[in-house]
Ligand SMILES: [Zn+2]
């Protein structure tokens, strides 16, 4: 299995310990995500020394009003590392409004331009900003990963545009049946699973810090919703992550 989105640099436990426990649970690859310049550099250092860990470099939308937002070009150098596989996370968030929609959009557009220029995929954070996110991504021609996908209403557009839809622990919650059902219509070759560790622990381990080993719970819940074997969905999402991020 692949955990397509974790923040290993934000977890309390050592990355090496979390990677080891993930491997014991059958999670052989982890994509760890930077949320700022220092965080991206930390993610890259973790990827550099841990087999099966890859890194994504970005400045998240919560920092769109801070001086950090003016450092997008510094990602360029970090993205030259062989284990840096995508740009992000970046996107729009109308729930935690630390920055105005205009500031968030400007930062998102800067990430999209960089991803386009470097021919890299982009990892998108969309929290209750479906229409705005769809509009911002419309001109982007590269690979798109919709991280922590929580928008049943956006499934048909995502499928139409060939985006990867990545589901996190919140898809296992009892009240998430509509999300699980909607995600069942995403083609098997476009679905990803993630933990968003240390956040969003799946239902069986809810309330505890999340870690990549827990992605298995999300695979199980989604396999049930799709009516397929757990092994089939595990294999498909593992292969999809390799395709989306061009992993070895
Ligand atoms: Zn994240």
Exercise for the section: Classify segment 1-113 as rounded, prolate or oblate, taking a ≥ b ≥ c as the square roots of the eigenvalues of its Cα gyration tensor: rounded when a/c is under 1.5, otherwise prolate if a/b is larger than b/c and oblate if not. Expected result: prolate
Handout entry: Choice from 224, 103, 77 with maximal GNM fluctuation in the chain (Cα, 10 Å cutoff)
Key = 77
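Given Cα pairs under 8 Å that are at least 6 residues apart, what percent is the relative contact order of segment 104-161? Spell out each step's value before the answer.
Details: 41 pairs, mean separation 21.2, N = 58.
Once divided by the residue count of segment 104-161, the mean separation gives 37 percent.
Arranged by the count of other C-beta atoms within 10 angstrom, fewest first, what order do 112, 107, 167 take?
Exposure proxy ranking, most exposed first: 112, 107, 167.
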Practice task
Return the calculated 222 nm mean residue ellipticity for the chain, to the nearest 500 deg cm²/dmol, obtained by summing -39500 (n - 2.57) across DSSP H runs with n ≥ 4 and dividing by the residue count.
Solution key: -11500 deg cm²/dmol
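Counting alpha carbon pairs within less than 8 Å and at least 6 residues apart, what relative contact order, in whole percent, applies to the chain? Display every interim value, and only then the final one.
Working: 542 pairs, mean separation 47.9, N = 248.
Relative contact order comes out at 19 percent.
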Completion exercise
Short to long, in 5 Å steps from zero, the percent of alpha-carbon pairs of segment 71-164 per bin is 2, 13, 27, 24, 18, 11, 4, 0
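Please compute the contact order of segment 109-248 in relative form: average sequence separation of alpha-carbon pairs under 8 Å and at least six residues apart, divided by the residue count, as a percent. Could you put the intermediate results ahead of the total?
Values: 217 pairs, mean separation 26.8, N = 140.
Here the relative contact order equals 19 percent.
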Exercise for the section: Determine how many Å³ per residue the convex hull of the Cα atoms of segment 144-248 encloses. Expected result: 90
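What's the FRET efficiency of residue 21 with residue 177 using the Cβ-Cβ distance as r and R₀ = 35 Å, to the nearest 0.05? All intermediate terms of the calculation are to be shown ahead of the outcome.
Details: r = 29 Å, r/R0 = 0.84.
After rounding, the FRET efficiency stands at 0.75.
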Practice task
From the C-alpha gyration tensor of the chain, pull out the three semi-axes of the equivalent ellipsoid (sqrt of 5λ each), sorted largest to smallest, in whole Å.
Solution key: 25, 21, 17
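Laboratory data are not the source of any read-out in this text; all were calculated from the coordinates shown. These numbers come from a predicted model, not from an experiment. As a convention, Cβ positions derive from the backbone with ideal geometry for all residues, glycine included, and neighbour counts pool all protein chains shown.
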